[in-house]
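J.: Here it is: the structure, laid out below.
Read-outs: derived from the displayed coordinates by stated rules, not from any lab. Remember, it's a predicted structure, so these values are computed and weren't measured experimentally. We place every Cβ from the backbone using ideal geometry, glycine too, and count neighbours over all the protein chains shown.
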Amino acid sequence: APTLKMDEVEEQASDESEDQRVWVYTGDGRNPAVPLVVVPIPPPPADLVGRSSREDFVVGLQHYRAGEWLLAYNAFQQYVSSHPSAANVAGVYYWMGECLFEAGNYGKAIEQYAKVHEGYPKSSKAAEALLKTGIAFERIQDSVGARKAFSDLLTRYPKSAVADLARG
């Protein structure tokens, strides 16, 4: 992937139409050797508009299971936009993080996982989100971030099903 400077990315982003969003993957932001990769994201498909909350969630899971990370992410994003105070919104943020993680966008995945373990610490997905945060930090070779995430997991959720994975 070509390396872009931040001002070039911002210039490209400002040239994009309103219907196209741009994700910028920079790793953890502390490693200048990681190139910036601009990945255009299409707007949510028209068939997602007007679905019920359950349908949005199910469509997202179907796309996720099919390995269609961007379609899954868009369905989950539609769910959160339409139902921001739904009881399972923390789980939806987790799945959004999973889509980003699977697509190799570890920096953005970490941000989504943080929405779960910081915003919804009592969620059933909070411990898993911290585990995946640590793994994502490992993928971008940030051992300090990884150790902190695993340590937080063991401190906050010592009896969780994923705590043993953090110990290993």
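J.: Using a basic spin-label model with each label point 7 Å from the Cα along Cα→Cβ, how many nm lie between Lys159 and Ala86?
T.: 3.1 nm
J.: Using the per-residue mean of other Cβ atoms lying within 10 Å as a proxy for protection, in what order, highest first, do the peptides 99-110, 59-70, 156-167 fall?
T.: On the way: 99-110: 21.1, 59-70: 15.8, 156-167: 14.0.
Descending packing order for the listed peptides: 99-110, 59-70, 156-167.
J.: Let me ask something else about it. What do you get when you divide the Cα radius of gyration of segment 113-168 by 2.2 N^0.38 Å, with N the number of residues?
T.: Values: Rg = 10.1 Å, N = 56, 2.2 N^0.38 = 10.2 Å.
Ratio of Rg to 2.2 N^0.38 Å for segment 113-168: 0.99.
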